[in-house]
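A.B. asks: This is the structure I want to talk about, given as structure tokens.
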Amino acid sequence: MGTLELDGVTKVFPDGDGEIVAVDGVDIEMRDGEFLVVVGPSGCGKSTTLRMVAGLETISSGEIRLAGQRINDVKPQHRDIAMVFQSYALYPHMTVEGNMAFGLEESTDLSDGEIETRVADAAETMGIAELLDRKPADLSGGQRQRVALGRAIVRDPEVFLMDEPLSNLDAKLRSEMRTELQRLQDELDVTTMYVTHDQTEAMTMGDRIAILNAGELQQVATPLECYHEPANRFVAGFIGDPSMNFFPVERDGETLVGDVFDYSLSASTLDDVGDVTDLTLGIRPEDIALAGDSTGDHTFSTVVEVVEPMGDENTVYLRFADAPEGETFIATVGGLQQVSAGDEITVEIPEETVHLFDGTSGEAVHNREIDE
Amino acid sequence: MSNDARTDGGTVTEADPGASAGLLAGIDGYRVLLYLGLLGMLTFFLIPIESGLVTSFKNPSGVSGSLPFAPPTGGTFTFEKWRAAFDALGRGLINSALYAIPATVISALLGSFAAYGITQSDWKQKYKAPVLALFVAGIFIPYQAVLVPLSQFWSMVPLQEWLGFLWALGINNDYAGVVELVVTHVAYGLPICTVLFRSYYKNMSEEMIEAARLDGASIRRIYRRIVLPLSGPMFAVVLIYQFTQIWNDLLFTLVLVQTESSAAAPIVLILAGLGTSLEGQDFALRMAGAFIAALPTLAVYIAFGEEFAEGVAT
């Protein structure tokens, strides 16, 4: 079956006299039928990883196994893998039907009749049955996208690889296709590796997310785990929009001392911290609460610098009362809350929602509590 | 504001005075000079062709009695020279086609193969680069530099023996020269064909080729089913260019076929001596011959014109 394992996969590109490590010892294990989203900033090696699975790049070291079989040296045409490209990569001189039939004609011994039936079925699934006689140049962007997907599903491969397939669509179509892709993957139950730089796609689509940075795997976990229990500061900052606020702090006994604020910790949190003194405090914007007065333990008086109303909520740029202008952090508050620039408001940073990271290594030492 | 809107969107009658004033304003001294200059250049470049054409329809008294570019009058008009030229050049047309067409097609095809290999294949760059360098170097070897080695090479190749079966069929053994011309022109045209195709294939979508590889197609099948069908415009460019080069080339035919009396004499060899005799030059006959010799290249341009424009644009 379509279990896909990446074991210490590394890619080194020669660069003049030196070399560039694009992918550094990535270990991922995907179970059959899983939808894994590989996400990371541009240049993090996510596309290279995908291309190594496809066989379009050689593997410098490590091993890729499909259904337990090592496929490092298997040519791409023999891997039984279908890929959807960002540019769709349709064959411009063939009709939609020709595009979809091409893979079956080249990789199977099916008769013309069988191929025609399977193409018709796949076209039906993708809702492009009436486009079969057209050429790619006569299709809209969304239709081309469907043809590219249809070309992949018609082959019924062990693994789907998708390289930012939605990034050329407009926002509305993209969110539609996102849902449709999920439905499709659910229906076909084919192991899928999906590369994107868009953390929204990662959060909404994947069974699990693999986060890459600078060629190194940061975390592989379900979207909510990545969100609430990030393995390190990079994951915490990358997942979530607006992203988590970070404050550098020093631990002094039971208190975290920041540039402009102090934050006292409870005993259980202190246990997690251990003997690390150089820390980063992280707090998600939606966990910052407006407090009526400044009597609580973890309340701070702040000044509102900018308010961005989104309708359902307001994104508020706050500054600690003692902090210099421009040093803001972000809080999201309900859309009906009346907040305007220049207001002095008191906010609470509840201890149960606070993340703490090692200041040097960035590793998470304490994650927020989650109500079971 | 409302005035502006009316000028823009007004009816024809309303806009008329302004429009004609604008037209007059556009024609200034610079424009007049520019168009006069262009017209002068057009005349300059077309006069020789026009003169050749009208001369080819004149009888001897017309040629000597009128200006070269003056059209023939009723008394001096004749088709005789075209008929004579065609009689003289007919066999040359066929002989030329016998090597120009195969050499053009083969060099274009081989150039396309080679370019595909050095662009889209997954061979290592360090192997591709020297091959490409050799092809590029090949472009810069002048014809004159290879004439002596070329004739020596063909004198060493026992082509006459190899083609013995053809002579046994009753074909004149002068036609060995045609085979030599095909091979020579293919070898000589291959570098430029390869470099032209290479630039075209470099611009071809890499992801599309990768998609085809993942679809299970081998490197040969990708060429057959994806690259070749998409090469039409570049084939038009290369076919036109190569055909014109090979058809018009005199140097290689002089070395390899040598005489117009040969049964395999190409049109360019016959044309070189056409209308020249001890009595002087028959200009009308030479002009008619020149036009007949040029017709096939013109036909190729017309046949592939549309793809040619597309190929040159890319």
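Quick note: the coordinates plus some simple rules give every number you see, no bench work behind them. If you're wondering where the values come from, they're calculated on a predicted model, not measured in any experiment. As a convention, Cβ positions derive from the backbone with ideal geometry for all residues, glycine included, and neighbour counts pool all protein chains shown.
A.B. asks: On C-alpha positions alone, give me the angle between the axis of helix A:141-153 and the longest principal axis of chain A, in degrees, nearest 10.
C.D. replies: 70 degrees
A.B. asks: To the nearest 10 degrees, how steeply does helix A:171-188 sit against the main Cα axis of chain A, on a 0 to 90 scale?
C.D. replies: Result, in degrees: 60.
A.B. asks: Still on this structure, please answer the following. Using DSSP H assignments, which helices in chain B have an axial alpha-carbon span of 27 Å or above and a mean Kyte-Doolittle hydropathy of 1.0 or higher?
C.D. replies: Membrane-span-like by this criterion, though nothing is claimed about a membrane: B:29-56, B:283-313.
A.B. asks: Further question on the same structure: Provide the descending list of Cα extents for region A:4-237 along its principal axes, expressed in whole angstroms.
C.D. replies: Principal extents (Cα only, largest first): 51, 39, 35 Å.
A.B. asks: While we're here: From the Cα gyration tensor of region A:106-156, with a ≥ b ≥ c the square roots of its eigenvalues, which class applies: rounded if a/c is under 1.5, or else prolate if a/b is larger than b/c, or else oblate?
C.D. replies: Working: a/c = 1.97, a/b = 1.87, b/c = 1.06.
Since a/c reaches 1.5 and a/b is larger than b/c, the shape of region A:106-156 is classed as prolate.
A.B. asks: Counting pairs of alpha carbon atoms under 8 Å apart in space and at least six apart in sequence, what relative contact order in percent does chain A give?
C.D. replies: Once divided by the residue count of chain A, the mean separation gives 15 percent.
A.B. asks: Just from its helices, what would the mean residue ellipticity at 222 nm be for chain A, if runs of 4 or more DSSP H residues each count -39500 (n - 2.57) and the sum is divided by every residue, rounded to the nearest 500 deg cm²/dmol?
C.D. replies: Calculated from helices alone, the mean residue ellipticity at 222 nm is -7500 deg cm²/dmol.
A.B. asks: Once you have the Cα-Cα distance between A:E369 and A:A120, take 0.36 nm times their residue separation minus that, and quote the gain in nm to one decimal. Write down the numbers at each step before the final one.
C.D. replies: On the way: separation 249, 0.36 × 249 = 89.64 nm, distance 5.10 nm.
Full extension from A:E369 to A:A120 adds 84.5 nm.
A.B. asks: Residue by residue, what Karplus-based ³J(HN,Hα) values in Hz, rounded to whole numbers, does region A:226-243 have, using 6.51, -1.76 and 1.60 with θ = phi - 60° and x for Gly and Pro?
C.D. replies: Using θ = phi - 60°, the values come out as 4, 6, 9, 10, x, 6, 7, 4, 4, 4, 4, x, 7, 8, x, 9, x, 7 Hz.
A.B. asks: In degrees between 0 and 90, to the nearest 10, how far off the longest principal axis of chain A does helix A:96-107 point, with axes built from Cα atoms?
C.D. replies: For helix A:96-107, the angle is close to 80 degrees.
A.B. asks: A further question follows. Grab the Cα-Cα distance for B:S61 and B:F113, subtract it from 0.36 nm times how many residues apart they are, and report the gain in nm with one decimal.
C.D. replies: Using 0.36 nm per residue and subtracting the Cα-Cα distance, I get 13.1 nm.
A.B. asks: Helix-only estimate, please: 222 nm mean residue ellipticity of chain B, summing -39500 (n - 2.57) across DSSP H runs of length 4 or more and dividing by its residues, to the nearest 500.
C.D. replies: Details: 16 runs with 236 residues, N = 314.
For chain B, the value works out to -24500 deg cm²/dmol.
A.B. asks: Right, another one. How high is the relative contact order of region A:1-95? Use alpha-carbon pairs under 8 Å, at least six apart in sequence, and give a whole percent.
C.D. replies: 30 percent
A.B. asks: Moving to a separate point now. Using packing as a proxy for protection, rank A:274-286, A:17-29, A:201-213 so that the peptide with the highest average count of other Cβ atoms within 10 Å comes first.
C.D. replies: Averaged packing, sorted descending, gives the order A:201-213, A:274-286, A:17-29.
A.B. asks: Sort out for me the Cα centre separation of region A:263-282 from region A:316-359, rounded to whole Å.
C.D. replies: If we compute the Cα centre of each part, the gap is 21 Å.
A.B. asks: Which part of region A:269-284 falls in the paramagnetic zone of A:F246, meaning amide N under 16 Å from the point 7 Å along Cα-to-beta-carbon?
C.D. replies: A:278-284
A.B. asks: When all alpha-carbon pairs of region A:244-366 are counted, what percent fall beyond 23 Å?
C.D. replies: 30 percent
A.B. asks: Starting from the alpha-carbon convex hull of the protein assembly as shown, give the projected area averaged over all orientations, in nm².
C.D. replies: Over every viewing direction, the Cα hull of the protein assembly as shown projects on average to 52.2 nm².
A.B. asks: Let me know the mean shielding of A:76-88 by other chains, meaning the per-residue number of their Cβ atoms within 10 Å of its Cβ.
C.D. replies: Details: counts 8, 10, 1, 3, 2, 1, 4, 6, 2, 7, 1, 5, 4.
Taking the mean over all residues of the peptide, I get 4.
A.B. asks: Please order A:E216, B:E306, A:E106 by the number of other Cβ within 10 Å, starting at the fewest. Intermediate results must be reported in sequence, preceding the final value.
C.D. replies: Values: A:E216 16, B:E306 12, A:E106 19.
Arranged by neighbour count, lowest to highest, A:E216, B:E306, A:E106 become B:E306, A:E216, A:E106.
A.B. asks: Could you let me know the centre-to-centre spacing of region B:61-91 and region A:125-202, using Cα atoms, in angstrom?
C.D. replies: When both Cα centres are located, 70 Å separates them.
A.B. asks: Which pairs in the list A:K46/B:K128; A:K135/B:K126; A:K75/B:K126; A:K75/B:K128 are over 31 Å apart, alpha-carbon to alpha-carbon?
C.D. replies: From A:K46/B:K128; A:K135/B:K126; A:K75/B:K126; A:K75/B:K128, over 31 Å: A:K135/B:K126.
A.B. asks: Output needed for region B:200-314: three equivalent-ellipsoid semi-axes, defined as square roots of 5 times the C-alpha gyration tensor eigenvalues, in descending order, whole Å.
C.D. replies: 44, 16, 9
A.B. asks: What is chain B by shape, rounded, prolate or oblate, if you read a ≥ b ≥ c off the alpha carbon gyration tensor as root eigenvalues and call it rounded for a/c under 1.5, prolate for a/b larger than b/c, and oblate otherwise?
C.D. replies: oblate
A.B. asks: Give a residue-ordered list of calculated ³J(HN,Hα) values for region A:321-333 (Karplus: 6.51 cos²θ - 1.76 cosθ + 1.60, θ = phi - 60°; whole Hz; x for Gly, Pro).
C.D. replies: 3, 8, 7, x, 4, x, 7, 9, 10, 10, 10, 10, 10
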